[in-house]
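Undergrad: Below are the structure tokens for one structure; questions will follow.
No value in this document is a laboratory result; all are computed from the given coordinates. Note that this is a predicted model, so its numbers are computed, not measured. Heads up, the Cβs are rebuilt from the backbone with ideal geometry, glycines too, and the neighbour counts pull from every protein chain shown.
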Amino acid sequence: VFERLLVFPRIRGGTRVEWLMDRDFTDPLPYTFQLQVGTAGDHDISDWTPVGSTVVNGWYLLDDQERVFGLQQWTHYRVQLVTSKGTYYSDPAPCLGLWDFRQWRRACGVLRNEMLNFRAGEAPEGYLLKRRVQGEPCSCLDPLTQECRNPDCLICYGTSWVGGYFQPLGCVYAALSEQATHSHIEAEGPRGAGGDIIVKARMLALPQLQEKDVWINKTTDHRYIVHTIQSACEIKGVPLVYDPVELRLAPFTNIIYDIPIPDLVPQE
Ligand SMILES: [Zn+2]
């Protein structure tokens, strides 16, 4: 039921494990996820140990321990999913992701530098709304075409999947190109004179972005839809920094402005 696991270093140590679910998996919510570590990439060897607390309906988990820098006995992660219909496991993934130890260290350095640059350049801080691409189908779907019939649906926010987006993630920086300044948007209105307002941004690939995810400027509450994504720095094909990410300012009538930002989850 898991399409894949993605394993990344965290800026202040430890590891972040993200997952993508199989698009055909439609068990009803809630989904309870638990990260586990094991000494061998093998489901049958019964030494899988839970790490940290569970997350409900989430898309990533954090391991605060720097296992990869310490004793090497834990070599793999896997994610356990419990729903009302059953218990499922992801394939095991190495604790260093696709990288060797040296590449892992280099990735940590790149991420740390990038964060320093964001802070030095006063890049706006924001929230990320990760869009659901599978899950429990919304009741607004057309029974024949399985397409969302109501873009203003308050259950799926036009995504077709119950909930629409995952809980907002805080501390997501985006170094915006100049045309994104507040005064520009104020002057031209949300759609601008010449059409949609598109801005380019440099962002960390932590978390990984997908098209149609939403980035929210924390100060202005302007909400942008991720349009295209290009990576600027990769190690072994795994992106670390995106540049440019093309962001489209959503018109202020868009349903995504109805998504509440409750108590936020700090990322680091
Ligand atoms: Zn709906």
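Undergrad: Restricting to DSSP H runs of at least four residues, report the calculated mean residue ellipticity at 222 nm for the chain, -39500 (n - 2.57) per run over all residues, nearest 500 deg cm²/dmol.
TA: After summing the helix terms and dividing by residue count, I get -3000 deg cm²/dmol.
Undergrad: Given an 8 Å cut-off on Cα distances and at least 6 residues of separation, report the relative contact order of the chain as a percent.
TA: Relative contact order here is 16 percent.
Undergrad: So what's the angle, to the nearest 10 degrees on a 0 to 90 scale, between helix 101-120 and the longest Cα principal axis of the chain?
TA: Value to nearest ten degrees: 30.
Undergrad: Right, another one. Give me Ser84, Ser90, Ser177 sorted ascending by neighbouring Cβ count inside 10 Å, so fewest comes first.
TA: Ser84, Ser177, Ser90
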